[in-house]
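The following block contains the structure, expressed as structure tokens.
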Amino acid sequence: MMRATLSSILPGISPVVPSEAAAEADLVDRAFAAGPYGHLPKNAERRALERDTAGRAASGSVLVARQANRVVGTASVLQAGTPYARVAAPGEAEIRLLAVDPELQGTGLGEALLRASLETALEWGAEALVLDTGTDNLRAQALYERIGFERDPSRDQLASADGVESVVFRFPLQQRADVRVRLMRDDEAAEVSSLAESAYADDFPLTERYRAEIAAVAERARDHQVWVATDAASGMLLGTTSTPRAWRAISPLAGDGELDFRFLGVASGARRRGIGALLVGHVLLLARLRGIPRVVLNTGPDMLAAQRLYERFGFARLHDREYTFERPDGTSFLMMAYGRDTDERERRAG
């Protein structure tokens, strides 16, 4: 779990903007100069990598952390097969140039950038996030292992160069080879809306107000994360759920140190394929990537299949957070609440 004080010391982490490119490149230079390999000369390829912020951004995303309008941390998350990726296999993402201002090392900023990089790759639907570091960089290796990366010695030679022996680490992000979970694309909003509405309507009657809320996928995606599970071979949409962006909530239920999710739905043709369970596992993974210790949700008394699913994953009732919901027609029902602690050592739920 991230330090309790992390939210108070961390600036926002988001993609670099063009006006920050020079500052980002300068930070990379200063940070690596202060590291275990700072005494080694840089070849032309390395200098080009560090100075080409725009090129790295075009290959994926360059994340930067800011403090008092100053760039104090950075990480480049790259798509496999792009010019600056060197160890990622097809379908994977790769992180390079994770760097923190030397004055802020030890504050947890490097960990926050690593977690943000993992979430970026998860949003893309990457199979895994890979990275490499020199064998002498023991501090970085300890961080990667603590977050949950595993060694991949078969790729070490791909990263070793100029007399520096490197080691490669990998963090798996997908639970199954036949299904990919990623963020919804803008052009999929109508189809995801129809999927979610049908999934709920198939199980119980909907009020017009709730039906509209379920179907408002495009609007929801502006403020939150709308995830889709897709068939890895055909690309067909199989299911969806929604989570808040980092440091936010998607419902009044979530408190400090909690991640909530809503609108879990499975396409009628994809039922009995374990898609609902996969999406719950995805939310638990997201919580672990963010260092959030607890996942919570609301559900209605008619959602019996969903309740069985949550209980199978170890969710328990939060009776003190439940309340009576009054329908417009004067009828009411008990809005149930569930919660489950996360464990960062787990890679997959269940």
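The values are calculated or read from the model by the stated rules, or taken from the named source; none is laboratory data. Note that this is a predicted model, so its numbers are computed, not measured. Methodologically, a virtual Cβ is constructed for each residue, glycine included, from the backbone with ideal geometry; neighbour enumeration extends over all protein chains shown. Just the protein is used for accessible areas: all its heavy atoms, side chains included, with ligands, DNA and RNA removed. Shrake-Rupley method; radii C 1.70, N 1.55, O 1.52, S 1.80 Å.
Just in segment 263-350: which trypsin sites (Lys or Arg not before Pro) are loop by DSSP and have at most 16 other Cβ atoms within 10 Å?
Working: sites: R271, R272, R273, R288, R290, R294, R308, R312, R317, R321, R340, R345, R347, R348; in loops: R271, R272, R273, R345, R347, R348.
Hits after loop and neighbour filter: R271, R272, R345, R347, R348.
Please give the Cα centre distance for segment 52-124 versus segment 183-239, rounded to the nearest Å.
So the separation of the two Cα centres works out to 30 Å.
Which log10 I(q)/I(0) values, to two decimals, does segment 215-330 give at q = 0.09, 0.10, 0.15, 0.19 Å⁻¹ under the Debye formula with one point per Cα?
The computed values of log10 I(q)/I(0) come out as -0.26, -0.32, -0.73, -1.16.
Count neighbours as other Cβ atoms within 10 Å of each site's Cβ, and list the chymotrypsin sites (Phe, Trp or Tyr not before Pro) in segment 217-293 that are DSSP loop with at most 16 such neighbours. Working shown, then result.
On the way: sites: W227, W247, F261, F263; in loops: W247, F261.
Loop-located and lightly packed - W247.
Something else about it: Say we join alpha carbon atoms closer than 10 Å with springs in a Gaussian network model of the chain; which of A31, A58, A121 then has the biggest fluctuation?
Among A31, A58, A121, the largest mean-square fluctuation in the Gaussian network model of the chain belongs to A58.
Sticking with this structure for a sec: Kindly report, to the nearest 10 Å², the accessible surface of D203 as traced by a 1.4 Å probe over protein heavy atoms only.
Here the residue's solvent-accessible area equals roughly 100 Å².
Still on this structure: Taking the Cα centre of the chain as origin and charging only Cβ (+1 Lys, Arg; -1 Asp, Glu), how large is the dipole, in debye to the nearest 20? Intermediate results must be reported in sequence, preceding the final value.
On the way: 43 positive and 49 negative charges, 75 e Å.
It works out to roughly 360 debye.
Return a whole-number percent for the relative contact order of the chain, with Cα pairs under 8 Å and 6 or more residues apart as the contact set.
On the way: 634 pairs, mean separation 39.7, N = 350.
RCO, the chain: 11 percent.
I've got another one for you. Report I214's accessible area, 1.4 Å probe, all protein chains in place, as a number in Å² to the nearest 10.
It works out to around 0 Å².
Rounded, prolate or oblate for segment 26-181? Axes are the square roots of the Cα gyration tensor eigenvalues, ordered a ≥ b ≥ c, and the cut-off for rounded is a/c under 1.5.
On the way: a/c = 1.43, a/b = 1.26, b/c = 1.14.
In terms of gyration-tensor shape, rounded.
If you don't mind, there's one more thing I want to ask. Report, as a whole number in µm² per second, the diffusion coefficient that Stokes-Einstein gives for the chain at 25 °C and 0.890 mPa s using the Kirkwood radius over alpha carbon pairs. Intermediate results must be reported in sequence, preceding the final value.
Values: Rh = 21.6 Å.
D, rounded to a whole number, is 114 µm²/s.
Taking the 0 to 90 degree range and rounding to the nearest ten, how far is the long axis of helix 21-33 tilted relative to the main principal axis of the chain, both from C-alpha atoms?
Helix 21-33 sits at roughly 60 degrees to that axis.
With all protein chains present, calculate the accessible area of M336 using a 1.4 Å probe and round the result to the nearest 10 Å².
Counting only protein heavy atoms, the figure is 10 Å².
For the Cα atoms of the chain, what angle does the longest principal axis make with the long axis of helix 275-290, in degrees from 0 to 90, nearest 10?
Taking the Cα atoms of the chain, the angle to 275-290 is about 40 degrees.
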